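Structure first, then comments.
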Amino acid sequence: MAKQNSSDAFVEFERVQKSYDGETLVVKDLNLKMPKGEFLTMLGPSGSGKTTCLMMLAGFETATHGEIRLDGVSINNIPPHKRGIGMVFQNYALFPHMTVAENLSFPLEVRRMGKSQREEKVKRALDMVQMGEFGGRRPAQLSGGQQQRIALARALVFEAELVLMDEPLGALDKQLREHMQFEIKRIADNLGITVVYVTHDQTEALTMSDRVAVFDDGRIQQLAPPDTLYEEPENSFVAQFIGENNTLEGVIQKINGDICEVRLDSGDIIDAKPVNVTKAGERTKVSIRPERVEFNSERLQPGAHTLRAEVLEFIYMGDIFRTRLRVAGNEDFIVKTRNAPDQVRLEPGSQIEIGWLPQDCRALDA
Amino acid sequence: MTDTTDTGPVLAADGTPLKKSLSRALRMQKLRALMLIAPLLIFVLVTFIMPIADMLFRSVENQIVQETLPETVTALASWDPATGETPGEPVYAALARDLKVAVAAKTHTRLGSRLNYEKTGISSLFRKTGRKVKKWDLTKDAPFKEKFIKIDKDWGDVGVWKTLKVYSPKFTNGYFLNAIDMQKGLDGAKARPENQQIYIKLFKRTLFMSLVITGTCILLGYPVAWILANLPMRTANLLMILVLLPFWTSLLVRTSAWKVMLQQQGVINDVLVWLGLVSDSGRLVMINNQTGTIIAMTHILLPFMILPLYSVMQTIPPSYVRAAKSLGATNWTAFWRVYFPQSVPGIGAGSILVFILSIGYYITPEIVGGTTGTFISNRIAYHISSSLNWGLAAALGSILLAVVLILYWAYDHIVGIDNVKLGG
């Protein structure tokens with residue numbers, strides 16, 4: 001297909017579907033637009049279709065239906081080696097029989113670049129990931145984190161504008177992973193490249209991305225910046241998947257603009273913000289973040305509905321306290337409080353009153 | 001806690017040196033391991049190591065002359081064949097005494113056939129002489145020289161005596177010289193006449209054809225192994241059975257099947273004639289020559305190439321080729337620069353297997369090889385079972401063994417033996 005400058009999107013999925021066996025769809029009706037320079041993360045449980053989407057973008061899988069456009073040009077029929085997309089693979093896929101420098105030089109060689117130019121670019125790329133002295137080594141002689149850097153440098157050395165990363169930090173230990181998250185983000189920002197990043201680690205997604213696309217069941221459940229995603233989940237899957245979440249089930253009593261009344265299964269009535277519920281009588285899952293629960297009665301809003309709770313467990317975690325409560329029949333209701341000098345430590349077995357701001361309590365689909 | 005600031009050996013809790021108590025602790029384990037491998041060890045020793053040692057010994061062993069004709073050998077020591085004259089009476093007298101003993105023990109015929117390998121006619125000479133010597137009286141019938149020459153004028157031939165003298169030491173390199181188309185003489189070795197040279201040619205042919213077979217196995221096996229390694233497990237296993245099918249069929253049946261296929265009145269020729277590609281009078285000769293041997297042996301040895309290739313290819317993650325493509329490499333570049341180098345260990349393992357197997361192959365060349373397609377092993381078999389020249393067979397076998405070891409060493413030197421992988 002010829003140019004279709006329908007938008008200013010750099011990467012665009014339009015009504016893309018993918019099926020491997022002709023019976024089930026792995027990706028169902030994917031629509032996504034990415035502006036240039038964005039760091040977008042595809043987040044989801046395994047089997048949600050996120051890696052398939054990445055592979056379709058890279059050209060290793062063909063879309064069963066729909067169109068994928070890069071810079072306004074349909075790339076459905078362009079083979080992967082002509083797409084000019086950099087890619088970092090899950091296990092780095094550094095060529096074991098080549099040295100680090102040869103690995104980096106490979107994409108330049110296949111582009112018929114001159115030797116001196118190649119050497120200069122390789123050097124610059126290695127310096128960028130602070131691996132300048134390792135050009136003569138074999139990948140097997142490097143640690144996991146170093147291999148990761150080299151893989152990154154190799155994906156960037158031929159100046160791709162779009163770089164795909166398929167769970168690139170999955171094999172690293174926690175500390176190194178956090179360090180590399182920062183590093184990748186910094187390099188991506190410096191170069192102004194567009195990044196599509198696939199992970200199942202939500203912390204990674206939240207800390208690195210401009211926007212996160214939460215995948216489940218072959219669909220994007222929500223596409224939003226990290227803070228919106230965490231604070232304003234649009235459905236109960238996203239609320240459950242991102243961060244820790246308390247869920248109470250019930251039925252909508254009445255909806256009144258921004259506030260709705262929910263009768264919980266235990267019979268209690270609470271106020272909540274209706275998100276994707278439309279009418280009274282509908283079943284709903286009410287979602288409250290553990291750090292938004294208030295049990296200091298002085299700070300509770302007058303007139304707000306409160307619930308009785310029994311303290312089951314108190315866990316000291318250093319920077320925070322984690323308290324498990326029984327609330328409206330739910331024994332896994334978690335409250336997180338900051339470890340401050342004036343903070344109350346709740347005694348297991350005590351009865352307390354808890355509440356929250358109605359806008360922090362979101363009534364979502366059941 | 002043990003005091004480690006001591007300069008002496010580290011001691012265990014009971015005061016014995018740590019090394020000693022460690023080896024005592026491990027002794028039981030080592031003993032058990034040894035017991036477990038003992039049956040195989042003994043089996044290999046008896047059926048493999050000892051026969052090879054025996055073969056190496058036989059290739060130089062030549063005690064029969066000294067044992068059968070001890071006095072003659074001693075007497076011959078002072079004879080100078082350079083004069084061109086037959087030895088004097090003492091030698092003939094010694095021969096008479098030796099033969100008397102040998103005939104009684106019936107060992108003279110064995111010596112005859114042994115020396116017959118070096119000079120034809122000696123076998124019948126000894127047989128004939130033996131019959132006559134039986135009736136001689138050693139004390140009365142001297143002098144013996146004329147008597148011997150009367151029995152057979154060959155006893156007056158310097159050549160016979162030369163052969164006897166050349167082969168009188170207990171050990172000889174004569175078999176090896178024979179094995180490389182040379183002849184042992186009193187004044188050193190010299191090449192055999194052109195029309196008697198055969199073994200060098202056979203060695204060269206064996207090496208050349210083994211190389212060709214290895215090459216065709218790589219060419220035919222590589223794509224198959226690649227397909228197998230890239231198919232889903234279930235399909236791959238099914239196809240693997242097809243690859244392995246030849247293993248489960250008798251070697252003779254397979255070779256005979258090729259005979260049916262390839263002969264001039266065979267299936268392939270019939271089809272070609274029927275298609276009109278070949279005229280009835282111009283039927284292709286594909287059997288009883290090198291072509292036949294190469295075709296049949298490639299087929300038979302192909303699994304030995306495919307299996308190591310397959311298992312090595314299975315360990316190459318598909319992400320490497322994907323990475324190469326995402327970096328801008330075409331299908332061919334991705335294959336040649338990234339995939340192929342990683343499959344080289346498989347090629348190495350398969351090639352060593354196929355080459356070493358084919359260098360010593362016997363049955364197939366025997367059946368489909370005719371005269372131009374036979375290997376050195378066929379000649380070895382001939383000397384073992386027909387001409388009974390075991391010494392020569394042993395020498396040929398030893399050379400073959402040495403060639404294989406040298407090639408193995410060269411391979412290790414050039415490619416590195418760690419670069420051979422059977423998988424994993």
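Which number in (1) of a type in the set (A, V, I, L, M); (2) over 15 Å from B:S210 (Cα atoms); (3) crowded, with 18+ Cβ neighbours inside 10 Å; (4) away from chain A (no Cβ under 14 Å) marks the one condition that B:V312 misses?
(4)
Specify the residue that is nearest to the chain's Cα centre (by Cα); the eligible residues are those in the range A:337-361 that are surrounded by 16 or more Cβ atoms within 10 Å (Cβ to Cβ) and assigned to a strand (DSSP E or B).
Within the range A:337-361, the first condition is being surrounded by 16 or more Cβ atoms within 10 Å (Cβ to Cβ), and the residues that meet it are A:337, A:346, A:352, A:354-356, A:358, A:360-361.
Filter once more, keeping what is assigned to a strand (DSSP E or B): A:337, A:352, A:354-355, A:361.
Working: A:T337: 25, A:I352: 36, A:I354: 31, A:G355: 30, A:C361: 22 Å.
My answer is A:C361.
Does the range B:93-114 hold any residues that are more than 18 Å from B:F148 (Cα to Cα) and either buried (at least 21 other Cβ atoms within 10 Å of the Cβ) or charged (D, E, K, R) (or both), and which are they?
B:K106, B:R110, B:R114
Exactly one of these conditions fails for A:T278: (1) farther than 18 Å from A:Q351 by Cα; (2) buried (at least 17 other Cβ atoms within 10 Å of the Cβ). Give me its number.
Unmet condition: (2).
When you go through A:L300, A:L325, A:L312, A:L364 one by one, which is the residue that is modelled with pLDDT under 85 and surrounded by 14 or more Cβ atoms within 10 Å (Cβ to Cβ)?
Residue meeting the stated conditions: A:L300.
If you scan the range A:279-304, which residues turn out to be free of Cβ contacts under 8 Å to residues at least 40 places away in the same chain and either touching a Lys or Arg at 6+ places or on another chain (Cβ under 7 Å) or in a loop (DSSP other than H, G, I, E, B) (or both)?
Once the filter is applied, which keeps residues that are free of Cβ contacts under 8 Å to residues at least 40 places away in the same chain and either touching a Lys or Arg at 6+ places or on another chain (Cβ under 7 Å) or in a loop (DSSP other than H, G, I, E, B) (or both), the range A:279-304 yields A:K279, A:A280, A:G281, A:P302, A:G303.
With the requirement that a residue be assigned to a helix (DSSP H, G or I) and within 30 Å of A:V16 (Cβ to Cβ), what does the range A:69-105 give you?
A:P80, A:H81, A:K82
Look at A:F39 and say whether it is more than 19 Å from A:Q221 (Cα to Cα) and surrounded by 17 or more Cβ atoms within 10 Å (Cβ to Cβ). Give the steps one after another, and end with the answer.
Working: more than 19 Å from A:Q221 (Cα to Cα): no; surrounded by 17 or more Cβ atoms within 10 Å (Cβ to Cβ): yes.
No; evaluated as a whole, the condition is false for this residue.
For the range A:101-111, name all the residues that are at the interface with chain B (Cβ under 10 Å from one of its Cβ atoms) and either among the aromatic types (F, W, Y) or more than 11 Å from B:L327 (Cα to Cα) (or both).
Within the range A:101-111, A:E102, A:F106 meet the criteria.
When you go through B:G215, B:G221 one by one, which is the residue that is without any contact (Cβ under 8 Å) to a residue 24 or more places away in the chain and under 30 Å from B:I316 (Cα atoms)?
Just one listed residue meets the conditions, B:G215.
With under 16 Å from A:I85 (Cβ atoms) and of a type outside the set (G, A, S) as the only criterion, which of A:M128, A:M165, A:M180, A:M113 stands out?
After applying the criteria, what remains is A:M165.
Which of the residues spanning the range B:245-260 are among the β-branched types (V, I, T) and surrounded by 14 or more Cβ atoms within 10 Å (Cβ to Cβ)? Outline the logic, then answer.
At the first step, the residues of the range B:245-260 found to be among the β-branched types (V, I, T) are B:249, B:253, B:255, B:260.
Answer for the range B:245-260, where residues must be among the β-branched types (V, I, T) and surrounded by 14 or more Cβ atoms within 10 Å (Cβ to Cβ): just B:T255.
Whether any residue in the range A:205-214 is away from chain B (no Cβ under 14 Å), over 13 Å from the mean Cα position of the chain (by Cα) and in a loop (DSSP other than H, G, I, E, B) is what I want to check.
The answer is no, given that none of the residues of the range A:205-214 is away from chain B (no Cβ under 14 Å), over 13 Å from the mean Cα position of the chain (by Cα) and in a loop (DSSP other than H, G, I, E, B).
Output the residues belonging to the range B:136-172 that are touching a residue at least 24 places away in the same chain (Cβ under 8 Å) and among the β-branched types (V, I, T).
Passing the criteria: B:V158, B:V160, B:T163, B:V166, B:T172.
Tell me, which residue of the range A:159-173 that is crowded, with 21+ Cβ neighbours inside 10 Å and within 14 Å of chain B (Cβ to nearest Cβ) is nearest to A:G37 (Cα to Cα)?
Restricting to residues being crowded, with 21+ Cβ neighbours inside 10 Å and within 14 Å of chain B (Cβ to nearest Cβ), the top hit is A:L162.
Name the residue that is farthest from the other protein chains (Cβ to nearest Cβ), counting only residues in the range A:77-100 that are surrounded by 15 or more Cβ atoms within 10 Å (Cβ to Cβ) and of a type in the set (S, T, N, Q).
Out of the qualifying residues, it is A:T99.
Under 8 Å by Cβ, and 6 or more places apart or on different chains, what pairs join a residue from the range A:19-38 that is under 15 Å from A:S209 (Cβ atoms) with one that is modelled with pLDDT under 90?
Filtered contacts from the range A:19-38: A:M34/A:A9; A:P35/A:D8; A:P35/A:A9.
For the range A:158-174, give me each residue that is in a loop (DSSP other than H, G, I, E, B) and touching a residue at least 60 places away in the same chain (Cβ under 8 Å).
Step one: list which residues in the range A:158-174 are in a loop (DSSP other than H, G, I, E, B), which gives A:158-161, A:167-173.
A:F158, A:A160, A:E161, A:E167, A:P168, A:G170, A:A171, listed by residue number.
When you go through (1) surrounded by 11 or more Cβ atoms within 10 Å (Cβ to Cβ); (2) among the small types (G, A, S); (3) modelled with pLDDT under 90 one by one for B:A77, which number turns out not to apply?
Every listed condition holds for B:A77 apart from (1).
Can you say whether B:L277 is out of contact with any Cys (no Cβ under 9 Å at 6 or more places or on another chain), surrounded by fewer than 18 Cβ atoms within 10 Å (Cβ to Cβ), in contact (Cβ under 8 Å) with a residue 12 or more places away in the chain and not in a helix (DSSP H, G or I), as far as the supplied structure shows? Step through it out loud before you land on a result.
Numbers: out of contact with any Cys (no Cβ under 9 Å at 6 or more places or on another chain): yes; surrounded by fewer than 18 Cβ atoms within 10 Å (Cβ to Cβ): yes; in contact (Cβ under 8 Å) with a residue 12 or more places away in the chain: no; not in a helix (DSSP H, G or I): yes.
Spelling it out, it is not the case that B:L277 is out of contact with any Cys (no Cβ under 9 Å at 6 or more places or on another chain), surrounded by fewer than 18 Cβ atoms within 10 Å (Cβ to Cβ), in contact (Cβ under 8 Å) with a residue 12 or more places away in the chain and not in a helix (DSSP H, G or I).
Kindly state which helices (runs of 4 or more DSSP H) lie completely within the range B:39-126 and contain at least 1 residues that are small (G, A, S).
B:50-58, B:70-76, B:89-105, B:108-116
So for the range A:119-135 (the condition being within 14 Å of chain B (Cβ to nearest Cβ), outside any helix (DSSP H, G or I) and either under 19 Å from B:P318 (Cβ atoms) or touching a residue at least 40 places away in the same chain (Cβ under 8 Å) (or both)), does at least one residue qualify?
no
A:K50 - would you say it is within 13 Å of chain B (Cβ to nearest Cβ) and either within 30 Å of A:G22 (Cβ to Cβ) or crowded, with 17+ Cβ neighbours inside 10 Å (or both)?
no
What number of residues within the range B:322-360 are in a helix (DSSP H, G or I), without any contact (Cβ under 8 Å) to a residue 12 or more places away in the chain, facing chain A (nearest Cβ under 8 Å) and not polar (S, T, N, Q)?
Total meeting the criteria: 3.
Sort out which residues of the range A:315-335 are under 30 Å from the mean Cα position of the chain (by Cα) and either among the small types (G, A, S) or over 20 Å from A:R263 (Cα atoms) (or both), and write them in order of number.
Within the range A:315-335, A:I315, A:Y316, A:M317, A:G318, A:D319, A:I320, A:F321, A:R322, A:T323, A:R324, A:I334, A:V335 meet the criteria.
Taking the stated definitions as given, is A:R177 assigned to a helix (DSSP H, G or I) and within 14 Å of chain B (Cβ to nearest Cβ)?
Values: assigned to a helix (DSSP H, G or I): yes; within 14 Å of chain B (Cβ to nearest Cβ): no.
It is false that A:R177 is assigned to a helix (DSSP H, G or I) and within 14 Å of chain B (Cβ to nearest Cβ).
Can you name the condition, by its number, that A:G47 falls short on among (1) modelled with pLDDT of 90 or more; (2) part of a loop (DSSP other than H, G, I, E, B); (3) within 19 Å of the chain's Cα centre (by Cα)?
(1)
The values are calculated or read from the model by the stated rules, or taken from the named source; none is laboratory data. In this text the structure is predicted, and so the values were computed from the model without any measurement. With ideal geometry, Cβ positions are generated from the backbone for all residues, glycine too; neighbour counts draw on all protein chains shown.
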